[in-house]
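Below is one structure; the comments refer to it alone.
The values are calculated or read from the model by the stated rules, or taken from the named source; none is laboratory data. Everything numeric in this text was worked out from a predicted model, so none of it was measured. Cβ placement follows ideal geometry from the backbone for every residue including glycine, while neighbour counts extend to all protein chains displayed.
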Amino acid sequence: MSDSRKVLYSVDEGVARITLNRPEKRNALDHEMIAEIRRALGESANGEAVRVVLIIGAGNDFCAGADLAAVERLSHGTVMENVADARHLGDLFLEMRRHPRPIIAAVHGRALAGGCGIATAADIVLAAESAQFGYPEIKIGFVPAMVMAILRRSVSEKRALELLATGEIIPARTALEIGMINRVFAEIAFGNEVQAYAAQLATRSSSALALTKSLFYQMDTVAFDAAISAGVQTNALARLTEDCRRGIQQFLKKS
């Protein structure tokens with residue numbers, strides 16, 4: 001019997017798996033599905049056993065973006081209703097950025113529009129050879145608005161604007177070349193490669209990963225001297241963690 005939930009959540013050996021589960025709709029995002037993703041992120045952020053978060057899509061695609069039927073209904077609503085709905089997705093992107101654990105998006109098939117936004121909002125993007133990425137909103141007179149903040153931090157300014165303005169859909173290898181994603185794996189080995197990557201990352205110190213992620217994104221919005229000062233504070237905090245103390249002691253015993 002198929003599972004009717006739009007998002008599935010499980011934890012195994014330190015890896016929290018969030019599965020987008022509307023394969024009949026190419027995992028298109030509606031209000032309820034976004035809420036379920038946000039709940040799963042909240043649960044994983046508070047789970048002591050969680051070291052890494054993995055987002056995947058059920059069926060043939062990662063995520064085709066917004067459910068356009070839902071968007072069409074809202075287009076007849078008020079400005080404030082549409083702002084509230086847009087903010088719901090924007091808050092998801094913010095929660096991914098602020099999440100204390102590294103988030104991996106494992107993309108097969110298509111990651112388009114808001115679905116591409118979710119993929120690139122992840123800290124690490126792994127793709128199958130056949131995966132495709134793009135922001136085709138412009139082709140229907142829509143604006144890829146919230147995803148801009150993510151995309152222009154991932155690729156060059158000119159390439160980002162070109163992708164947004166043309167609606168071009170690019171293959172995984174091109175996405176890798178321009179810095180949108182991290183790794184491309186052969187289709188036949190994709191599931192195993194993703195699992196191995198997540199499992200390896202889960203062996204790293206959870207406190208060091210959390211501090212690294214927090215500091216890395218904090219440096220987005222500060223001047224160089226302020227970034228160094230933030231690094232000083234994080235360096236000092238890291239030294240006081242149990243993981244760091246244990247790691248240094250083990251290193252010294254070996255040397």
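Remarks
- Listing of helices (runs of 4 or more DSSP H) fully contained in the stretch 164-243 that carry 1 or more residues being among the small types (Gly, Ala, Ser) and surrounded by fewer than 16 Cβ atoms within 10 Å (Cβ to Cβ): 190-201, 206-218, 224-239
- For the stretch 136-163, the set of residues classified as farther than 26 Å from Phe216 by Cα and either in contact with a strand residue (DSSP E or B) (Cβ under 8 Å, 6 or more places away or on another chain) or not in a loop (DSSP other than H, G, I, E, B) (or both) consists of Pro136, Glu137, Ile138, Lys139, Ile140, Glu162, listed by residue number.
- In summary, strands (runs of 3 or more DSSP E) completely within the stretch 1-117 and bearing 1 or more residues that are over 26 Å from Ile170 (Cβ atoms) occur at 7-12, 15-20, 52-57.
- Looking across Leu54, Leu41, one residue alone is in contact with a helix residue (DSSP H, G or I) (Cβ under 6 Å, 6 or more places away or on another chain), farther than 23 Å from Phe190 by Cβ and buried (at least 21 other Cβ atoms within 10 Å of the Cβ). It is Leu41.
- Which numbered condition Tyr135 fails, given (1) without any contact (Cβ under 8 Å) to a residue 40 or more places away in the chain; (2) more than 12 Å from the chain's Cα centre (by Cα); (3) surrounded by fewer than 24 Cβ atoms within 10 Å (Cβ to Cβ): (3)
- A single member of Ala196, Ala230, Ala226 is among the aliphatic types (A, V, I, L, M) and at pLDDT 95 or above, and it is Ala196.
- Picking from residues in the stretch 1-38 that are under 17 Å from Pro102 (Cα atoms) and among the basic types (Lys, Arg), the one that is surrounded by the most Cβ atoms within 10 Å (Cβ to Cβ) is Arg17.
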